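Let me begin by presenting the structure, written as structure tokens, before commenting on it.
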């Protein structure tokens, strides 16, 4: 986990617009399921993607969905049509998506996010209500388990 938190810290330091979603967000809310990657929803503008690339530059980022692991080398022109980036770095996997199932595009995700404090600094994560909706919409077995735990956490918070 420390490497994943360091990855988030780098993104924050480089002013990348992002919200943590998925398993790491669920873990941050208190779910006991561990994750091996970080899923972020980010603004897919050329400016933001160039900041992301700069934040990761010395971590040897490669496209993890290609057999040969092509290095990440974006130009502003290449950024125009991108919707997702699935990367492998020296600190772990980083999945960058432009929208979240059950929530929407980046602006909607950001609107439903909350700021949390990590040892490495402040970070935005998807709020628990939106995270539950997203996990329910995905419907995978691991998402179903996360939903059960998230609902229990939500109930505990509501009852004080």
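The values are calculated or read from the model by the stated rules, or taken from the named source; none is laboratory data. Note that this is a predicted model, so its numbers are computed, not measured. Methodologically, a virtual Cβ is constructed for each residue, glycine included, from the backbone with ideal geometry; neighbour enumeration extends over all protein chains shown.
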Hits in the range 29-51 (condition: more than 15 Å from residue 85 (Cβ to Cβ), in contact (Cβ under 8 Å) with a residue 60 or more places away in the chain and buried (at least 19 other Cβ atoms within 10 Å of the Cβ)):
29, 31
Looking at this structure, is residue 8 under 16 Å from the mean Cα position of the chain (by Cα), buried (at least 19 other Cβ atoms within 10 Å of the Cβ) and either without any contact (Cβ under 8 Å) to a residue 12 or more places away in the chain or under 28 Å from residue 148 (Cα atoms) (or both)?
yes
Run residue 71 past the list (1) touching a residue at least 60 places away in the same chain (Cβ under 8 Å); (2) more than 12 Å from the chain's Cα centre (by Cα) and report the number of the one that doesn't hold.
(1)
Collect the residues in the range 114-130 that are touching a residue at least 12 places away in the same chain (Cβ under 8 Å) and either touching a strand residue (DSSP E or B) at 6+ places or on another chain (Cβ under 7 Å) or part of a strand (DSSP E or B) (or both), keeping them in residue-number order.
114, 116, 118, 121, 122, 123, 124, 125, 126, 127
For the range 76-87, check the following and say yes or no: at least one residue is in contact with a helix residue (DSSP H, G or I) (Cβ under 8 Å, 6 or more places away or on another chain), in a strand (DSSP E or B) and modelled with pLDDT of 95 or more.
yes
